[in-house]
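Contents: one structure, followed by commentary.
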């Protein structure tokens, strides 16, 4: 039974990645993580001059400091929880008044056809940087981030894994955020990117498939005014109040597929699989009902207490994130993410600092 369980866990299909773990400014090299390559330029482009005109027309008050507090990092909120001035991830998403001021950006979003969650214009001041980090938070595990440069210069460099690129104005990029990545602005002005977060959609999948099949294809240009009335979709459900055993197994499979060879890994994998089986038994009785919460909490507490010492901080993934940190970010913390956390394992797990 144990052997079959391990195989089942390994074979579960991986899904997108997502808490930001910060490292020194060395770029690590390792194999494929979320995508087969660090960067992927999609076969669509946008009118950079029109985008820049909308950005420069925004009032200075629209720009707010990035929630990490990194010097030179600031943002204009376009899609937020309830359309309010917040950087939260959880809650029904709505457009802000800043997005309402930007009709062409709305056309861009309609053309890509995402289901939009927290999205922003991201500013990076002259000489500033986004430090080297890995995104392992639940949000980035379940979403894809799209970068569309608006105001930039060849001296602005984006590094992901062992590749460094300059993203030119109007281009449309995605990247593997589960690899080490950083951004450096060596320019004398503020760099601005349109940064859009969405789950995978059929339209986005078509763009990704086309980019992978024919990376040299001429991108399609979306001119301003092409879409007369942009109809946008916004995320209303970010994460389950109580994670299902099937989702737990999917996240566990993704994590252990990235584990560096270590004699402790099979033991930890077996313990997580037994945890998922026990969770499934409670789910069969209570499902997402809060009546099962005391049992779910007990399973979380028991499992994490048993693995935290053998996992320590030195059982690593191939991207050099500690396995226990990623288990916390993708399973132990969000498994009961919408349940009051007083006095349970979720409250005791430290929430990592988010970069993006």
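The values are calculated or read from the model by the stated rules, or taken from the named source; none is laboratory data. Fair warning: this is a prediction, and the values are worked out from it, not measured in the lab. Cβ placement follows ideal geometry from the backbone for every residue including glycine, while neighbour counts extend to all protein chains displayed.
A few points about this structure:
- Helices (runs of 4 or more DSSP H) (entirely within the stretch 79-152) containing at least 2 residues that are under 29 Å from residue 321 (Cα atoms): 138-142
- Which numbered condition residue 215 misses (of (1) loosely packed, with under 14 Cβ neighbours inside 10 Å; (2) within 25 Å of residue 117 (Cβ to Cβ); (3) at pLDDT below 95): (2)
- Candidates 169, 202, filtered to the one that is buried (at least 16 other Cβ atoms within 10 Å of the Cβ) and outside the structural domain of residue 254 (by TED's automatic domain parsing): 169
- For residue 304, the conditions (1) surrounded by 13 or more Cβ atoms within 10 Å (Cβ to Cβ); (2) touching a strand residue (DSSP E or B) at 6+ places or on another chain (Cβ under 9 Å) all hold with the exception of (2).
- Condition met for residue 196 (in the same structural domain as residue 105 (by TED's automatic domain parsing), under 30 Å from residue 276 (Cβ atoms) and surrounded by 17 or more Cβ atoms within 10 Å (Cβ to Cβ)): no
- Condition met for residue 191 (over 20 Å from the mean Cα position of the chain (by Cα), at pLDDT 95 or above, under 17 Å from residue 63 (Cα atoms) and surrounded by fewer than 22 Cβ atoms within 10 Å (Cβ to Cβ)): no
- Residues that are under 10 Å from residue 272 (Cβ atoms) and over 18 Å from the mean Cα position of the chain (by Cα), drawn from the stretch 240-255: 249
- Set 133, 139: member being assigned by TED's automatic domain parsing to the domain that holds residue 38 and closer than 18 Å to residue 156 by Cβ: 133
- Members of the stretch 153-162 found to be more than 22 Å from residue 253 (Cβ to Cβ) and not in a strand (DSSP E or B), listed by number: 153, 154, 155, 162
- Whichever residue in the stretch 163-178 is at pLDDT below 95 and in a loop (DSSP other than H, G, I, E, B) and, among such residues, is nearest to residue 121 (Cα to Cα): 177
- Filtering the stretch 307-329 to residues that are surrounded by 18 or more Cβ atoms within 10 Å (Cβ to Cβ) and either within 25 Å of residue 89 (Cα to Cα) or not assigned by TED's automatic domain parsing to the domain that holds residue 261 (or both) leaves 319, 321, 323, 324, 325, 326, 327, 328, 329.
- Matching residues, the stretch 63-81, being buried (at least 16 other Cβ atoms within 10 Å of the Cβ) and over 21 Å from residue 156 (Cβ atoms): 77, 79, 80, 81
- Helices (runs of 4 or more DSSP H) wholly inside the stretch 243-356 that include at least 1 residues being at pLDDT 95 or above and touching a helix residue (DSSP H, G or I) at 6+ places or on another chain (Cβ under 9 Å): 245-257, 265-286, 293-311, 323-327
- Condition check for residue 274 on (1) within 30 Å of residue 88 (Cα to Cα); (2) surrounded by fewer than 17 Cβ atoms within 10 Å (Cβ to Cβ); (3) more than 25 Å from the chain's Cα centre (by Cα); (4) not assigned by TED's automatic domain parsing to the domain that holds residue 136: one failure, at (1).
- Residue check for residue 203: within 20 Å of the chain's Cα centre (by Cα), closer than 21 Å to residue 73 by Cβ and outside any strand (DSSP E or B): no
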